[in-house]
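Enquirer: One structure coming up, written as structure tokens, with questions to follow.
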Amino acid sequence: MDFTIFSGLTEYLKVLITFNLYIGAFLAALIETILFSLVPGEVVMPLAGYLASLNNYGYIGLLGVTLCATLGATIGAALIYYISLKLGRLVILKYGKYFFITEEKLSSAEKWFEKYGTKAVFFGRMAPAIRELVSIPAGFSKMDFKKYIFYTFLGTFIWTLFLISLGFFLGAYVETLNLSGIFEKTGVFIIAVIAVYIFLKIIFPRLKKK
């Protein structure tokens, strides 16, 4: 797979977020959900929060950006639910490999769903490595769509608020540092976001297995 496509898309979303936080956050969350986190929300969402802080959006703006991103992710999750419902497990596995959906990853999401039932959708939205796949077993099991949307929206809102707030308050903290220019401030932010991303994507899943 050509990763330059996704890296280019990520850069495009970053630029879009810079010019319009609300639309950028909505599209970033929508695309992240549909592409199963190949466009990492753990990077893009904190960036949205950081820019909201630098542009003095305030707490109302922070909430607005969070709601836009949550709506985008919910729409994307509804699409994945519908596709899984209609196509079934074999087809998802056959074509899911192009999005790095393996038998192991799918089985892990299915076990999570079996363990927690419908609430797995809520908790799954806040669990790295499960979050992007929990829509699939929900579709397989023909989970009540209203419950699915409710739990998806609620869980996604909490997770998105965490990520965006992380960038928002980090941006406020960076502003208190005696840094001379925007590049130095952005450098501090990028290092912090990379550290969080590594923890959520690499370290946390390994700790969970132990």
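The numbers here are math on the coordinates, done by the rules we state, and not lab data. From a predicted model like this one, the values you see are computed outputs, not experimental measurements. Methodologically, a virtual Cβ is constructed for each residue, glycine included, from the backbone with ideal geometry; neighbour enumeration extends over all protein chains shown.
Enquirer: Arranged by the count of other C-beta atoms within 10 angstrom, fewest first, what order do Glu114, Glu42, Glu104 take?
Expert: By the 10 Å Cβ count, ascending, the order reads Glu104, Glu114, Glu42.
Enquirer: Also, quick follow-up: Using 0.36 nm per residue, how much length does the chain from Asn56 to Thr102 gain when fully extended, once their Cα-Cα distance is taken away?
Expert: 12.3 nm is the gain from fully extending Asn56 to Thr102.
Enquirer: Provide the FRET efficiency to the nearest 0.05 for the Phe169-Asn20 pair, computing r from the beta carbons and using R0 = 25 Å.
Expert: Rounded to the nearest 0.05, the efficiency is 0.70.
Enquirer: So how do Trp159, Trp112 line up by other beta-carbon neighbours within 10 Å, fewest first?
Expert: Trp112, Trp159
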